[in-house]
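> One structure follows; several queries about it will come next.
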Amino acid sequence: MRIRLEFFLDNSFLIFFCLFTSSLSQNLILNPGCEDTLVNGEIPHWTEVVGTNWTQRTASPAPYEGLAYFFPGVATLAELQQDVDISAYKTTIDDSTQLFIFEGYVRAYPQSPADQSRIVLEFLDSLKTAKIDSFDSGNYSITNEWVSVTDSTIVPPHTRHIRIRLISTRRNGSNNDGYYDDLSLVAYQPVGILGGDNQIPKQFHLYQNYPNPFNVSTVISWELSMGSPVTLVVYDLSGRRIMKLLNKHQPAGYHQIEFDASHLPSGIYLYHLQAGDYQQTRNMIFMK
């Protein structure tokens, strides 16, 4: 569920009302929350690379989302893997303009030392024999809440598959309690790269931040069809200005900036872009 906020700007006062609408993006990961019924005791669409006891867990702790999550079972080291075919995006991938956003949630059972969860993404060629690039979250041992792991990547040319690796390490007890839930991999529309007349955006546009909801930081993107003075300001829901992220002249093209909210409380924030006569406001949800 996404909160859509509409705004009217009058003499610098922000007046708004909220409309609640569902917003679903196509998740390229199959069985992303371990919700599908087990088939002969195995997790559908996923391959056990290390360990043979991967299964569903439904409680203690409660899932982040849905009714179940990924549980490694009894194993010192366990790895679960899925290869996502992204060859349908090969044109924009090879133009270095295709953005993919990954997000997943990890957690461990409350014990000391706690077991570890780690997520690795590998960007592979068409034969899945050459690793072109990778992302490694490192080990997480958070026991009191689910923690978001995110990666946003303009995929390297010639990438045709993204391999998702869930790697858990046992450091205590008999079970391996590095958990995973609510995984997503979403292809965002190609970004505009300034380089030729046919690559200059045809309009001014402010994109939804990604990831959203986010933990710690998020990326705000916009495009300009011509050079313009640009201001980008973050507000809270009362209309109080939190931070001016940008106030400068920018050329035509695609632009982005990272917003770090680590010093703020969890909640809904608004970001407002003004570029010449164009202005637009969107909401973002910060969850510590």
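> Pull out a ≥ b ≥ c, the square roots of the eigenvalues of the alpha-carbon gyration tensor of region 47-188, then state rounded if a/c is under 1.5, prolate if not and a/b is larger than b/c, and oblate in the remaining case.
It comes out prolate by the Cα gyration axes.
> Quick check on my link table: of Lys131/Lys288; Lys90/Lys131; Lys90/Lys202; Lys202/Lys248, which ones sit more than 27 Å apart, alpha carbon to alpha carbon?
Beyond 27 Å between Cα atoms: Lys131/Lys288.
> For the chain, take the convex hull of the Cα atoms, compute a quarter of its surface area, and give me that in nm², please.
Projected area, direction-averaged: 16.8 nm².
> As I understand it, the dipole of the chain uses +1 on the Cβ of Lys and Arg and -1 on the Cβ of Asp and Glu, about the Cα centre. Which of Leu127, Pro32, Gly51 lies farthest toward its positive end?
After comparing all options, I get Pro32.
> Next up: Taking the Cα centre as origin and putting +1 on Lys and Arg beta-carbons and -1 on Asp and Glu beta-carbons, what dipole magnitude results for the chain, to the nearest 20 debye?
Once rounded to the nearest 20, the dipole reads 500 debye.
> So the label point goes 7 Å from the Cα of Ser134 along Cα→C-beta, right? Which residues of region 149-178 then have their backbone N under 11 Å from it?
Within reach of a label on Ser134, which here means backbone N under 11 Å from a point 7 Å along Cα→Cβ, region 149-178 contributes 165.
> Starting from region 222-281, pick out the trypsin sites (Lys or Arg not before Pro) whose DSSP state is loop and whose Cβ has at most 13 other Cβ atoms within 10 Å.
Arg240
> I would also like to ask the following. Please give the net charge around Glu35, taking every other residue with its beta carbon less than 14 angstrom from that of Glu35, where Lys and Arg add +1 and Asp and Glu add -1.
Summing Lys/Arg as +1 and Asp/Glu as -1 gives -3.
> Another question, if that's okay. Check which residues have an amide H placed less than 5 Å from Ser228's amide H, if you skip close sequence neighbours.
Residues meeting the criterion, in which the H sits 1.01 Å from N, are Gln250.
> Report the Stokes-Einstein translational diffusion coefficient (µm² s⁻¹, integer) for region 140-288, Rh taken as the Kirkwood radius over Cα pairs, at 10 °C with viscosity 1.306 mPa s.
Approximately 89 µm²/s, per Stokes-Einstein.
> Mind putting together the pair-distance distribution for region 89-170? All Cα pairs, 5 Å bins, whole percent per bin, short to long.
Histogram of Cα-Cα distances, whole percents per bin: 3, 15, 22, 19, 14, 11, 8, 6, 2, 0.
> Just add up the charged neighbours of Tyr64: K/R +1, D/E -1, any other residue whose Cβ is under 10 Å from the Cβ of Tyr64.
-3
> Where the centre of each part is set by its Cα atoms, how far does region 250-286 sit from region 110-182, in angstrom?
First find each Cα centre; the distance between them is then 29 Å.
> Would you order Trp222, Trp46 from fewest to most other beta-carbon atoms within 10 Å of each residue's own beta-carbon?
Trp46, Trp222
> Right, here's the next one. Each residue of region 244-258 in order: what ³J(HN,Hα) in whole Hz does its phi give by Karplus 6.51 cos²θ - 1.76 cosθ + 1.60, θ = phi - 60°, with x for Gly and Pro?
9, 7, 7, 7, 7, 7, 10, x, 4, x, 9, 9, 8, 8, 8
> What FRET efficiency do you get for Leu246 and Arg163 if R0 is 30 Å and r is their Cβ-Cβ distance, rounded to the nearest 0.05?
After rounding, the FRET efficiency stands at 0.25.
> While we're looking at this one, here's another question. On alpha-carbon atoms, Rg over Rh for region 39-115 using Kirkwood Rh?
1.08
> Quote the FRET efficiency, to the nearest 0.05, computed for Thr55 versus Ile268 with a Förster distance R0 of 30 Å and r equal to the Cβ-Cβ distance.
Efficiency, rounded to the nearest 0.05: 0.25.
> Which residues make up the longest stretch of the chain clear of GluC sites (Glu not before Pro) that lie in a DSSP loop with no more than 15 other Cβ atoms within 10 Å, not counting the sites?
Within the chain, the longest run free of exposed GluC sites (Glu not before Pro) spans 146-288.
We did not get these values from a lab; they are worked out from the coordinates using the rules stated. None of the values given here were measured: they were computed from a predicted structure. Cβ sites come from the backbone with ideal geometry, for glycine too, and all protein chains shown count toward neighbours.
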